[in-house]
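Have a look at the structure below, then the notes.
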Amino acid sequence: MTLHQRPGDDGAAPAGPTSSAGIQKDNQLWLEDGSIILVAGQTGELFAVPQPIVSVDSLEGCPVVRVPDAAQELSHLLRYIYDGRSFIISTTGRPDFVKPTFATLSALMRLGHKYDIPEAIEDASSCLQSYYTTNFDVYKRLRQRDLVDLLFELREEDLDADAIETVNLAMLTGKHSLLPAAMYRCCQIDSDELIDGVQRPVRDARTVHLNADCIRLCRRGREHLIKACGRVLKVFGLLESPVRCGRCAPVAKQEGAGSIHDIELQLTTDPLELMYGSDALNALCSRCQTSMADHLAAQQRQIWCKLPVYLGIDDLEGVEMVAPSPLEGMDWAA
Ligand SMILES: [Zn+2]
């Protein structure tokens with residue numbers, strides 16, 4: 001049995017007819033030749049599937065198994081089981097293919113772990129990895145809103161909650177390569193929110209939390225990132241400016257003095273976002289512009305490679321950062 005239709009935009013399974021027991025059937029997963037009924041969630045949604053499992057009840061002539069999982073999440077897993085990876089990954093270039101949502105991938109990883117389906121974890125995590133990357137070049141492209149290679153539908157307003165959930169999923173499933181980028185994002189979340197949890201603004205009213213250990217790692221990571229930010233700012237400043245030419249050195253010095261003057265505004269937990277102001281760069285000759293940009297890029301690549309150490313996850317398997325160099329065609333002054 002193969003299902004080709006995808007659920008609606010919000011990931012909800014399309015409503016189907018109601019059974020004689022007053023429980024809603026899932027339109028796509030209610031198979032007329034099904035031999036077992038799964039009742040999912042508290043509201044009760046029915047899936048008729050052709051596998052024999054130990055049953056506890058019966059309905060419409062079929063044995064019934066009640067499962068505690070949310071109906072929507074279980075429907076994602078069942079569709080993955082029937083369709084395989086083409087449910088979330090465009091393997092055949094189908095024109096009607098719609099990228100999965102974060103919620104779909106999250107459900108596949110969680111239930112894949114619960115029901116021991118490693119393929120679901122593998123495929124869902126590979127989609128998440130397209131955003132929570134270990135590759136610096138990919139990361140910088142994503143920060144510059146180049147989302148062309150992204151394998152799932154990104155919702156800007158959910159990014160903080162998604163990052164927290166990704167950390168939890170990576171810890172649960174051992175997909176540790178998702179951690180550096182996800183935890184880096186968590187380090188940008190307000191301290192109170194990091195402790196109290198972040199409420200999802202759109203999908204549902206759920207609040208997502210990090211556990212105490214991960215909160216501790218992120219707090220430690222924030223301290224390292226602020227220090228790293230200070231080191232990057234030295235490049236702008238008087239101490240480590242790479243600008244040496246007689247014409248540009250005084251200009252760079254003036255810019256450097258300016259950046260030290262308001263250093264408290266520039267010290268953040270996000271040193272990878274630091275860019276040269278275009279005014280400052282335009283005042284320099286092209287050679288000095290290149291030299292400044294190269295210097296900043298080198299500093300940021302170093303920070304990227306040290307992220308696992310900053311975040312206290314360098315002893316976890318699979319956490320290997322990639323920072324190819326040089327970065328060609330990147331607009332560092334953007
Ligand atoms: Zn110059």
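Mind checking which pairs have a first residue in segment 287-303 that is more than 18 Å from Gly246 (Cα to Cα) and β-branched (Val, Ile, Thr) and a second that is in a helix (DSSP H, G or I) and modelled with pLDDT of 90 or more, Cβ under 7 Å, 6 or more apart or different chains? Pairs that qualify, where the first residue is more than 18 Å from Gly246 (Cα to Cα) and β-branched (Val, Ile, Thr) and the partner is in a helix (DSSP H, G or I) and modelled with pLDDT of 90 or more, are Ile303/Ala228; Ile303/Pro271; Ile303/Leu272. Of all residues in segment 62-93, those satisfying the criterion of being out of contact with any strand residue (DSSP E or B) (no Cβ under 9 Å at 6 or more places or on another chain), assigned to a loop (DSSP other than H, G, I, E, B) and touching a residue at least 24 places away in the same chain (Cβ under 8 Å) are Ile88, Ile89. Against the list (1) away from the ligand (no atom under 13 Å from the Cβ); (2) modelled with pLDDT of 80 or more; (3) assigned to a helix (DSSP H, G or I), the condition Ile260 fails is (2). Of the residues screened, Val56 is not one that is of a type outside the set (S, T, N, Q), at pLDDT 80 or above and surrounded by fewer than 20 Cβ atoms within 10 Å (Cβ to Cβ).
Among residues that are basic (Lys, Arg), outside the structural domain of Lys306 (by TED's automatic domain parsing), on the phi < 0 side of the Ramachandran plot and in contact with a helix residue (DSSP H, G or I) (Cβ under 7 Å, 6 or more places away or on another chain), Arg79 is included.
For segment 277-317, what are the residues that are assigned to a loop (DSSP other than H, G, I, E, B) and away from the ligand (no atom under 13 Å from the Cβ)? Hits for segment 277-317 are Gly277, Leu311, Gly312, Ile313, Asp314, Asp315, Leu316, Glu317. Put simply, of Glu165, Glu157, Glu153, Glu119 the only residue that is surrounded by 15 or more Cβ atoms within 10 Å (Cβ to Cβ) and out of contact with any helix residue (DSSP H, G or I) (no Cβ under 6 Å at 6 or more places or on another chain) is Glu153.
Looking across segment 137-172, the residues that are on the phi < 0 side of the Ramachandran plot and in a loop (DSSP other than H, G, I, E, B) come down to Gln144, Asp146, Leu147, Val148, Asp149, Leu150, Leu151, Phe152, Leu154, Arg155. In this structure, Glu320 qualifies as surrounded by fewer than 18 Cβ atoms within 10 Å (Cβ to Cβ), charged (D, E, K, R), under 30 Å from Thr133 (Cα atoms) and modelled with pLDDT of 85 or more. Give me the pairs: first residue in segment 23-35 and in the same structural domain as Ser58 (by TED's automatic domain parsing), second residue aromatic (Phe, Trp, Tyr) and modelled with pLDDT of 80 or more, beta-carbon distance under 7 Å, and six or more apart or on different chains, which are they? Cβ pairs passing all conditions: none. Checked against the criteria, Val65 counts as surrounded by 12 or more Cβ atoms within 10 Å (Cβ to Cβ), over 24 Å from the mean Cα position of the chain (by Cα), at pLDDT below 90 and outside the structural domain of Gln129 (by TED's automatic domain parsing). Within the option set Arg141, Arg216, Arg222, being of a type outside the set (Asp, Glu), surrounded by fewer than 16 Cβ atoms within 10 Å (Cβ to Cβ) and either within 25 Å of Ala297 (Cα to Cα) or out of contact with any Ser or Thr (no Cβ under 8 Å at 6 or more places or on another chain) (or both) holds for one residue only, Arg216. Is one or more of the residues making up segment 93-111 small (Gly, Ala, Ser), farther than 28 Å from Glu273 by Cβ and either within 14 Å of the chain's Cα centre (by Cα) or not assigned by TED's automatic domain parsing to the domain that holds Ala293 (or both)? Yes, some residue in segment 93-111 is small (Gly, Ala, Ser), farther than 28 Å from Glu273 by Cβ and either within 14 Å of the chain's Cα centre (by Cα) or not assigned by TED's automatic domain parsing to the domain that holds Ala293 (or both).
The values are calculated or read from the model by the stated rules, or taken from the named source; none is laboratory data. Since we're looking at a predicted model, the values are computed, not measured. FYI the Cβ positions are ideal-geometry reconstructions off the backbone, even for glycines, and counts take in every protein chain you see.
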